[in-house]
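Heads up, the thing below is written out as structure tokens.
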Amino acid sequence: MTAATQPNEYVADEPTILPGKAPLDQDWADVAKWGAIGASTMIFVVLSGMLTGLDSRLVIERVFSLGYLAVVWVPLTLGFLVAREEVLEGMASHAKGANEVVSGGIVGALSGAGLSLLILLMDSFDLRDPLVNWSDKTLGLLQFSEDSFFGIVMWAVIGLLLGAIGAGLHLLTPDMRRLVKIMVVTVLFVSVFETFLTDLFKGFGLVFITDFLYAARGGLTIISTIVLAIVAGLVAFFGKGRVKQAQTRINAGAVEGGGRTKANIAMFVIGGLLLVILPIFTGKITNELLANVGIFLLLALGLNIVVGLAGILDLGYVAFFAAGSYTTAILTSPNSPGWSPELPWWVALIVTIGVAALAGLLIGAPVIRMRGDYLAIVTLGFGEIIRLLFLSDWLSPWFGGAQGITNIPPADFGFFEVKGTDPRSVFYLVLALSAIAIYVSWRLERSRMGRAWMAIREDESVAEAMGINTVNVKLMAFVVGAVLASFAGAVFSAKVGSVFPSSFLILVSIIILVVVIVGGMGNIPGVIVGAVVLIGVLGGPKQPGLLQEFSEYKLLIYGALLIFMMLTKPEGLVPNARRTRELHQDEFLQDAWLRKQVDEDEEASEAELGDGPTAGAPA
Amino acid sequence: MSRLLEIEDLSVTFGGLHALNNLNFHVDEGEIVSVIGPNGAGKTTFFNLISGMVNPSAGDIRFKGDSIVGFDPNQVTALGIARTFQNVRLFANMTILENVMVSQHCRTKQGLFGALFQTPGFKKEEVEIREHAEKVLGFFGSRLVGYRLEQPASVLSYANRRRLEIARAMATKPELILLDEPVAGMNPKESAELTGLIGRLRSEWGFTVVMIEHDMNVVRDVSDRVVCLDHGEPIAAGSFEEVSTNPEVVEAYLGRPIEKSRETDGAAT
Amino acid sequence: MWEILTAATRSKTGKGKTNVDRFLTLLRVLLIGLLVIGFLAFIAQQINPQNAFAQRVNPDATGLTAAQFKGLLVTGLSQGAMYGLIALGYSMVYGVLGFINFAHGEVFMLGAFSGFITSSKLFEAGAWEANFILSLLLVVLISIIVSTGAAVIMERVAYRPLRGSPRLIPLITSIGVSFFIQNAVILLFGPGAKGYPRLPEWLTEKRSILTFEIEGTKILVLIVAAVSMASLWWFVERTKTGKAMRAVAEDKEIASLMGINVNRTIVTTFAVGGAMAGVAGILWGILFRSVIATSGFLPGIKAFTAAVIGGIGNLGGAMAGGISLGTAESLLPLMILEPLGVNGVSQLRDAIAFLLLILVLLIKPTGLFGEKLSGDDRA
């Protein structure tokens, strides 16, 4: 063991590397298991219609479509996964070699064989009745428009190759692997973001770039793919040192304290300026997209306070969104069935905030004392009840029932009018409101109230014993969340021009929850990233994202993402240091122990450390 | 000296089991009282009753003359009774500083408005909270301050967690502080040091202390009075010498080495 | 505004009652008051629709005939029995693992869906009409297999890795699972409603039992539910595996020290819950003769409500809760809401279930028949 020189520093031993295993020294049960998983995943993807549905979107002209991409990632990833070896600190690892490539190849081939089997079955049976994608079109794509024998052989071969390549990635040095990753990601990124980039470059008058990159029918051309990969590779190769330097600089700043905050503020200012300037150059599609992202960002920031900070799982969050939308609609629209004061939008917004806060109190009060999981289901119930009430004939004299409230006027600020036909104006409005929401979240997190929320999230009964009025403090989180949601509702009304009960399904709550969780619970940058990535790329419940072709599959992907994130990375893509510790407490304690960060001056430390995890885990 | 805490005929039953039975007890201002007794004697239940986490089936608890039965734990804390937990329960993912700052919640009052608009009142209060937190942490020497302030509580050693828990209770600005086995899991050197600190809690901070403890050295060194519980009933009270020589107390502990029983008090929690 | 609320709680008046408590008391009184007034108005209009009290509360009051009432009661009972069967799964999993398996509604939906596929294939082959009883048995069997399989796979893939993590994490995961299964079914089988084949006439015709005119299908549903419940009771109370399940529900650690394979017992719990949901799926098919991918959501939530009403972890309670929920859902809109002057009550049927859930949790959070949970799940 290398002695630790400072309490914060731990120098790891050089890992011991054993010689690689023989190629056929495999854990066959494991290989078979992964192969079966791969085969069933690929069959599922094909039968769910992704192969056919996404085939029209080309990634690389004439060669490769998104449909095939949806299928072939499976053997590649599984090959990579099966060859991975969990190396514990201080344990010896095996050198990577032929053994890994063989296992990856076999897993890939087994996965591919799943599709071969599917071709065989589709050739011999007709199951079109229950399975909607059991069609000639699917079969044609599976066989690459050749005969079935060709398809059967091809898929096994493709699987074998991709699995082996996936496993082979382990043979590369980390630098090389990074290079390959960057090249592939760049090509995929540029291809997938085709509409966005075209729009953007057109705004800046750089049409020649997109003309070079993209083929007439969509997708990259073969030449541009190669050029892109090379450029990305070169940039990555020469840029590597610099990124690291900047990182160390920022980290060094963090130690001193003030430097990091300054860097963060600078980043925020630059980002904010970009966001103000960019929409002037971009076209309608991009602005529409940005406006949708903004609305969901507002919702996600609100939910983040409730779920991320205070730890209350509110599944009926859509109720507040609905309350905000309907209040604005009633107050501004001349078509409001019950009462129509036709107030200007900003006056309506003030009333809306009040109504939302009241709704937060009224919905929050009955549920706030329930235990966490009951609260989740009951709030879900509230979300549904509110929608049913808006939909009902009983209240239709006020809310218009299924016909909703139409003809909501644009938000008029005198010098600036926000209306749905001009997505840029909507975007500026949500940008301003998001800025407010971010400021609110940021300030509250570092206040007496924010600390109380976190304490409740950690251990509610102790928080109460330490003098925190948990009921009031939790209600406050509900109210703040509700107000932020009502902002989104008010914008939504003005943007769409009409509100219907069908816009406020439980689905919306769940999608916002996915945004918060995928981004990173309790972390503002995480929530922003979550909203941009999910709503921007995949789209909201009814709003299309960049990948319009995905609209049919996005809900499936949201569900899968939720499971995947919870199982592998519950702290989200951009984790909050705090939250990460909470969710991986055991590991952290172990690490802390390993790194001897625990007090060495305290003799009693080691034996009792085991008590740690229970101390902080919410009961 | 005036009565700070008075307990009259307090009983509580958990599904037929009498965890506490007709307990009478009082604490005067400025006293240090120890509660001892074998495992399952109802000591922790006693604390849970005072702090409002469990409601009594009968009897009355009066703090400074007013009954506090039926109050929520946070209201009890706000009135001036703070406690620690036998199985250290810190906010493990909050920093050490935040742990102590958050427990001043009931002594501070800035709400959303102040935080959003950064009013002078808010800023002043934040500074005060922080200063008080650092003062409280400084009571334990250098081990909870400095670079430690920004570390999560989960990295602390067991002994330091116990210290931080006491600091957290102190930060609620109580008059009465309830310590549930403050030296459990500490070595003799640390126990002796903490015993000194408990004495200073009274002399420097003016707290009245009620403490559950199994370590008889600590009990002897610091308590004015000792009460021994067994099966939910007080069997002896008085000075340490009186109680420790009381045959009933000896019998209650018989066959159970004191050193051993400190480690677990399972049934009582 | 907030400070006023907190300030009030700090003063010692009211013995530790906070404003939230007062509001909740008000809410309880209000809800029960509405129920009572509605019911009184209903009784008043039953006696005489022209009665002044009934007229004041709802001038368009019509009242219910005895036949209508009996019909609604039977419909409620049969649907309630179905909810009860689903509720068993929620209750058992909560009892053993302490988390709400939100995706259990989808397990039920998969049962109904596989029932549709098998029955329509059997119908095409002619077996459905030629030998209905045998076909139905086959359909039930396949649906049980599918639902059980789904529940077990779910446990293995999504929940087992999360055992021991904070209790909201598996709940969020189960929401993801529910979302995934729902949309996977939409993609695989299409979004449209699938119709079960026609049932034979001797089954659907009405029979007169104890002055009740009951459709044969509803009798069948009640019988199947009773048989399933009885066999489950036998399984849990009389077999060794059942005993192991109860032990694991009480205390996992101690159970494992007593030589019980906790993992296998948990899988069994999921499997049994899944099987019950599979049976419930077929009952749904028989009652409504149509299934879509989102069919699992509402019955799932309602079944959870039933489990809570009966006291979660309590199997008899789950069944009783299901039956009371089903009955309440079918009777209350006409017995309480309409006399109160709410029109279009049938649209609010689903809201009734949620309102009941909230009401029960406000008044008796441990359910009508008491919870049966291990200590650490009760927190």
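Here are some notes:
- Condition check for A:Val107: in contact with a helix residue (DSSP H, G or I) (Cβ under 6 Å, 6 or more places away or on another chain), part of a helix (DSSP H, G or I) and modelled with pLDDT of 90 or more: yes
- When B:Thr208 is tested against (1) in contact (Cβ under 8 Å) with a residue 60 or more places away in the chain; (2) within 13 Å of chain A (Cβ to nearest Cβ); (3) among the polar types (S, T, N, Q), only condition (2) is not met.
- Single match in C:Leu362, C:Leu340, C:Leu357, C:Leu325 (criterion: over 23 Å from C:Val74 (Cα atoms) and either surrounded by 24 or more Cβ atoms within 10 Å (Cβ to Cβ) or within 8 Å of another protein chain (Cβ to nearest Cβ) (or both)): C:Leu362
- Unmet criterion (only one of (1) at pLDDT below 75; (2) small (Gly, Ala, Ser); (3) under 16 Å from the mean Cα position of the chain (by Cα)) for C:Gly370: (3)
- Restricting C:Ala66, C:Ala52 to those that are modelled with pLDDT under 75 and either farther than 30 Å from B:Lys109 by Cβ or within 14 Å of chain B (Cβ to nearest Cβ) (or both) reduces the list to C:Ala52.
- For region A:435-453, the tally of residues that are at the interface with chain B (Cβ under 9 Å from one of its Cβ atoms) and either in contact with a Phe, Trp or Tyr (Cβ under 7 Å, 6 or more places away or on another chain) or hydroxyl-bearing (Ser, Thr, Tyr) (or both) stands at 2.
- Test result for C:Ser256, among the hydroxyl-bearing types (Ser, Thr, Tyr) and under 16 Å from C:Ile86 (Cα atoms): no
- Output for region B:230-269, where each listed residue is open to solvent by less than 60 Å² (accessible area, probe 1.4 Å), at pLDDT 75 or above and either in contact with a His (Cβ under 9 Å, 6 or more places away or on another chain) or closer than 26 Å to B:Ser11 by Cβ (or both): B:Asp230, B:Gly232, B:Pro234, B:Ile235, B:Ala236, B:Gly238, B:Val243, B:Asn246, B:Val249, B:Ala252, B:Tyr253
- Of all the residues in region B:90-132, those that are surrounded by 16 or more Cβ atoms within 10 Å (Cβ to Cβ), small (Gly, Ala, Ser) and more than 7 Å from every other protein chain (Cβ to nearest Cβ) number 1.
- Some residue of region A:584-594 being on the phi < 0 side of the Ramachandran plot, modelled with pLDDT of 55 or more and open to solvent by 30 Å² or more (accessible area, probe 1.4 Å): yes
- Among the residues listed as A:Ile330, A:Ile363, A:Ile295, the single one being within 14 Å of chain C (Cβ to nearest Cβ) and either small (Gly, Ala, Ser) or within 26 Å of A:Gly540 (Cα to Cα) (or both): A:Ile363
- Qualifying residue in region B:78-89 (condition: facing chain A (nearest Cβ under 8 Å) and without any contact (Cβ under 8 Å) to a residue 60 or more places away in the chain): yes
- Sole residue being among the acidic types (Asp, Glu), buried (at least 23 other Cβ atoms within 10 Å of the Cβ) and free of Cβ contacts under 8 Å to residues at least 40 places away in the same chain, chosen from A:Glu464, A:Glu458: A:Glu464
- Scanning region A:507-528 for residues that are away from every other protein chain (no Cβ under 12 Å) and either in a loop (DSSP other than H, G, I, E, B) or of a type in the set (Asp, Glu) (or both) yields A:Gly520, A:Asn523.
- Taking the criterion of being out of contact with any strand residue (DSSP E or B) (no Cβ under 8 Å at 6 or more places or on another chain), at the interface with chain A (Cβ under 10 Å from one of its Cβ atoms) and surrounded by 15 or more Cβ atoms within 10 Å (Cβ to Cβ), the residues of region B:133-154 that qualify are B:Arg143, B:Arg148, B:Ser154.
- Tallying residues that are small (Gly, Ala, Ser), open to solvent by less than 20 Å² (accessible area, probe 1.4 Å) and over 27 Å from A:Ser103 (Cβ atoms) within region A:38-58 yields 2.
- Condition broken by B:Ser51, with the remaining ones in (1) within 14 Å of chain C (Cβ to nearest Cβ); (2) open to solvent by less than 20 Å² (accessible area, probe 1.4 Å); (3) closer than 17 Å to B:His231 by Cβ satisfied: (3)
- Some residue of region A:73-93 being free of Cβ contacts under 8 Å to residues at least 60 places away in the same chain and touching a Leu at 6+ places or on another chain (Cβ under 7 Å): no
- Helices (runs of 4 or more DSSP H) contained in region A:334-434 and holding at least 1 residues open to solvent by less than 10 Å² (accessible area, probe 1.4 Å) and either touching a helix residue (DSSP H, G or I) at 6+ places or on another chain (Cβ under 7 Å) or farther than 30 Å from C:Ala103 by Cα (or both): A:345-367, A:372-391
- Among residues of region C:154-189, those that are open to solvent by 20 Å² or more (accessible area, probe 1.4 Å), more than 30 Å from C:Ala127 (Cβ to Cβ) and without any contact (Cβ under 8 Å) to a residue 40 or more places away in the chain, counted: 7
- Candidate set: region C:108-135, residues that are without any contact (Cβ under 8 Å) to a residue 40 or more places away in the chain and away from chain A (no Cβ under 14 Å); chosen: the one least open to solvent (accessible area, probe 1.4 Å): C:Ser135
- Criterion: of a type outside the set (Val, Ile, Thr), within 18 Å of A:Ala365 (Cα to Cα) and assigned to a helix (DSSP H, G or I) - qualifying residue of A:Ala437, A:Ala455, A:Ala490, A:Ala477: A:Ala477
- B:Glu241 falls short on exactly one of the conditions (1) part of a strand (DSSP E or B); (2) farther than 30 Å from B:Val100 by Cα, and that condition is (1).
- Just one of (1) under 12 Å from the mean Cα position of the chain (by Cα); (2) surrounded by 23 or more Cβ atoms within 10 Å (Cβ to Cβ); (3) within 14 Å of another protein chain (Cβ to nearest Cβ) fails for B:Ile166. It is (2).
The values are calculated or read from the model by the stated rules, or taken from the named source; none is laboratory data. Owing to the predicted nature of the structure, the values given are computational and were not obtained by experimental measurement. Positions of Cβ are generated from backbone atoms using ideal geometry, with glycine treated the same way; all protein chains shown enter the neighbour counts. Quick note on the areas: whole protein, heavy atoms, side chains included, nothing else; ligands and nucleic acids left out. Shrake-Rupley method; radii C 1.70, N 1.55, O 1.52, S 1.80 Å.
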